[in-house]
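Working notes, beginning with the structure itself.
Just so you know, all these numbers are worked out from the coordinates, no wet-lab data involved. A quick note: this is a predicted structure, and the numbers were derived from the prediction, not measured. Positions of Cβ are backbone-derived with ideal geometry, glycine not excepted, and every protein chain shown enters the neighbour counts.
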Amino acid sequence: MNPHPDQPPVRRIVLPSGRRVEVLLFDRAEPVPETAPVPPGLHLCTACGSDLVHPVGWEEADPEHWDVLLRCPDCEECTSGTFPEEAIARLDEELDRGSALLVEALRRLSRANFEDDIERFARALHGGFVLPEDF
């Protein structure tokens, strides 16, 4: 029962990613299923659910479709299929997002390692462990 009769009813849906969303339901001819199926992206593993799936081979099937071999690094599942250009574009966006995350993590790790090196070198200088003849 809707506590506010002047507002459309709300249905809560859980997406494959685990994210929960609320959907406003307006008048429809047919009822909406309790859990509306949301097709997973190509970057999601159908075997283990990992979001690290990446292409290892691809070939244009026709002007609007691609034959792609996908691999999951977590469970080693490999799948292949022919996918529309839109699905490949979404996969490409996910790959770009993942690459940006990796580059940022590498930058942070490199900086932390460099700061640690500087700190150890400064301690060695102040402790008298580095002498002019070391250079």
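Residue order for Asp134, Asp116, fewest other beta carbons within 10 angstrom first, comes to Asp134, Asp116. Electrostatic bookkeeping for Glu115 treats Lys and Arg as +1 and Asp and Glu as -1; over the other residues with beta carbon under 15 Å from its beta carbon, the sum is +2. In the range 48-96, if the dipole is taken from +1 on Lys/Arg beta carbons and -1 on Asp/Glu beta carbons about the Cα centre, which of Pro73, Leu52, Ala87 is farthest to the positive end? Result: Pro73, furthest along the dipole toward the positive end.
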